[in-house]
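Working notes, structure below.
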Amino acid sequence: MNQIRLMTVICALILTLCILFGGYYLYDRYFIRDGLQEQISQLVTAQEINIEKQDNLTKVSIRSSEIENFQDVYQKIAKLVYQRLGPQAEIIFLDERTENLSMLYEECSFIIHEGIATGKYQDMRTQVLNLADQEGVQCHLTMDSSNIYLVLKDEQGYLYEVIPRINQVDGWEKLGGDMID
């Protein structure tokens, strides 16, 4: 009699676990991933959208041909992604960067981070646009209260970068660090 009850309990437990895990899989696959991919596709013509979970981080990778208004598209996609996946999600735009564009971005990153640190955004913008012009590269640089958006284009490719505007002193203090004199 006890063995029959034990077998019934074990079968009920296995059945319950199968239903729970199956339900979670269907929810994750069709509501979260496919629904999010469909919504992103409505905002940007994407050649590829990948959603991968790695530990506690979910990466959303988007490959798209040239985007007309990168800042606007990024903001709308970020809103969707963070609503569905939470603030721990990471958005990556896969671009067609060339060696020339990568080297130019490295040079621009010093200017951009100096602009963030000093708050001299007009000087930063002027210097980045001048540097891109000297290299014969089209440059579109915009910003909002959270990020700086950089788009570089030449005949061979294009580069998209989103640089967070973090107050470095506040960020350091949040990490528990002391400022060194």
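The values are calculated or read from the model by the stated rules, or taken from the named source; none is laboratory data. Worth saying up front: this structure is predicted, and the values here are computed from it rather than measured. FYI the Cβ positions are ideal-geometry reconstructions off the backbone, even for glycines, and counts take in every protein chain you see.
Out of all the residues in the range 52-65, is one or more assigned to a helix (DSSP H, G or I), at pLDDT 80 or above and of a type in the set (Gly, Ala, Ser)? No, the range 52-65 contains no residue that is assigned to a helix (DSSP H, G or I), at pLDDT 80 or above and of a type in the set (Gly, Ala, Ser).
Restricting attention to the range 123-151, the residues that are surrounded by fewer than 13 Cβ atoms within 10 Å (Cβ to Cβ), closer than 12 Å to Leu104 by Cβ and not polar (S, T, N, Q) total 2.
Ile40 meets all of the listed conditions (1) touching a residue at least 40 places away in the same chain (Cβ under 8 Å); (2) under 19 Å from Leu159 (Cβ atoms); (3) not polar (S, T, N, Q) but one, namely (2).
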